[in-house]
1. Using modelled backbone amide H atoms (1.01 Å from N, in-plane), which distant-in-sequence or interchain residues come within less than 5 Å of residue 219's amide H?
2. Which whole-percent values make up P(r) of region 548-600 when all C-alpha to C-alpha distances are grouped in 5 Å steps starting at zero?
3. What Kirkwood radius, in Å to one decimal, follows from the Cα pairs of region 110-169?
4. Which value, in nm² and rounded to one decimal, describes the direction-averaged projected area of the C-alpha convex hull of region 308-439?
5. For residue 18 and residue 52 in the same chain, what is the full-extension length gain: residue separation times 0.36 nm, less their Cα-Cα distance, in nm?
6. How long is the gain from residue 330 to residue 163 if the chain were fully straight, where each residue apart is worth 0.36 nm and the alpha carbon distance is subtracted?
7. Determine the gain in length on full extension of the stretch residue 68-residue 133; use 0.36 nm per residue of separation and subtract their C-alpha separation, reporting nm with one decimal.
8. Whose amide H sits under 5 Å from the amide H of residue 364, counting only residues 5 or more places off or on another chain, with H placed in the peptide plane?
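Please treat every number below as a calculation from the coordinates, not as lab data. Just so it is clear, the structure is predicted and the values come from calculations on it, not from any experiment. All Cβ positions, glycine included, derive from the backbone under ideal geometry; neighbour counts span all protein chains shown.
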Amino acid sequence: MTTAIAAPLAGSLAETVTAAPTDWIVVERVWERVSRSHGVHQPPQTSANLHELLTGAFTAAQAGGFLDVFAFALIKEGLAGPELVTRLRAVDADAGGFRLQAFQNGRRQAVNPLQYADGLLRACEYVCRIDVDGTQAGTGVLVRPTVVATMAHVIWPLLTVAADGTLTASDGGLRRLEIRFRDYVDRSAARAGGETATLHPDWLLHGSPPTDAERSALDVRDIAGIASPAGPWDLALLRLATPPKGAQLPELLGSPPSGPFEISLLHHPHGPDPDGEPLLLSGGSLGEQLGAPPVRYLHDVNTLGGSSGAPVFDQRWRIVALHQGGVAGAGNRAVPVRDWTTALDRPLPDDVPYLRTLPRFDGAPVIGRRATQQRLWRALRPDATAPDRLFVLRGAPGTGKRFTKRLVRSFVEAHSDGVVVTLDLANALAYDADGFARWVTGALSAPAATPAAAREPVTTAPRDIREGVLPALTRRVEEIGGDRAVWLVLEGFGGAALDVPPGVKDVVVNLMGRLRDNPSQRLILVGWDEPPPEGFEAAIEELTFPTAWDVAAHFTPPGGQPADALVAAVPSLLALQQAQGLSGYPAALAVLRMLSAGVTA
């Protein structure tokens, strides 16, 4: 079949692809795989513009008779969604398109099964059970790296209502509250699964009470006294000290379809069983939206006590509401996410999940290094800017420069699935640019491998580095990382005994320059004493000796402040160590050990 669809329709299909402009390479790969399997060996057109590339691809796919195959390949790769299917219905059947036959309802749409299953698995990771006084009380969902959303009535015994209706945390609530993720195992089994989260000392970020009617005999259609955006929303936002390991964040959908649509709940119902159930999945439909704009939703998913606070998902696993409660035979009720998400954007106190010890390295203590950990925390974000992804750490002996590689590895492994590779430049003195790039590439391929024997140094022109060495290294970083961040730690710069070859320096300079084009790359340069590229000045961190506050903070719970008396006592202990010939990090470590012996005695 050779009939081509009109350019405007091809452009309309291209508009539905949700890939980022930088994902044109991924689109090209999908095109090449599908087109070659249908006997087409030419690119749709030569263009680095993603929209033009897709327009040409859809036109060529239609002409080749595999438009639907190409479209669903894009959906399978996560580059497009159901909107692409909707617009494909406009393709005339005689031109090789297709139509959905016997369409019976508008609630349950056809979905890509792999995307649906992947979304379900990811959703399971950020739903949690909430216990109060050892008894399962409700369900919650992670909505920010350290914030869990649930219904206020779930933790009502831990809250105090002020005269103006605002909610505050009662004394002792921190000890009575427990949040557990990945609780998939029946509590009657020999082993209960899951991960218990560590709560922030200031654990209640925000609260909005239920209405009086919602706390008594509920008429599910009663929305008297509820207004947008003031509420009330029967909402509690709970702060964690550290994020659950490896958990991703859901998408919150403030404007779902106005008509009925299919939904799913992931919840921990308990009914009459105080131990509750492991995570369960239930389905139904969201049928009615109360108010204009809606302030409550009605749905028909089967729930029990303990389901309150459960996220209500659409078919694309976007959260549209939190389940609230209901009346048998009358329906269930949920709270839309639209109006309370603004509370998530309030500035938080210092929520960096600081490491105080490194379990991977025999529990080595971390003294100070708060600025480094704050930057590591920012660099973990998928949308971290290029300056946030470059670290240039400098400092005198004793400030912990060599400790950096262990801190980076431990921090990244604790809070992400990133790949960390550490290389010591003392092993690169005989390398030219090409040899150094090959060494880095080999380390990325097998982080445990030792460096290959160095070749005789040769002169490598900067042009060869830019056009040959660096592109190959960049491609390897992208292949190794995939969807993960790649952290390359280069230590050993500087010092009278180390003269880094010019070719190696050229490669490092070019790696810094390419950070803007390689979002999966994180580059940590320990001891690099030359200026970073323009616009990267904030990447420089001058390490200093640990202070008395740094030592005292090691004994402080996450998010807290060290005791003034302890801070005041540390300087004299540091002076004692200095009199014995210790300074900097070694002196602080000795004081830490002294205090640990006293604290644990």
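1. none
2. 4, 22, 32, 25, 13, 4, 1
3. Working: mean 1/r = 0.0721 Å⁻¹.
Computed over Cα pairs of region 110-169, the Kirkwood hydrodynamic radius comes out at 13.9 Å.
4. On the way: hull surface 56.7 nm².
Value for region 308-439: 14.2 nm².
5. Working: separation 34, 0.36 × 34 = 12.24 nm, distance 1.42 nm.
Fully extending the segment from residue 18 to residue 52 adds 10.8 nm.
6. Working: separation 167, 0.36 × 167 = 60.12 nm, distance 3.29 nm.
Computed gain between residue 330 and residue 163 is 56.8 nm.
7. Numbers: separation 65, 0.36 × 65 = 23.40 nm, distance 5.50 nm.
17.9 nm is the gain from fully extending residue 68 to residue 133.
8. 358
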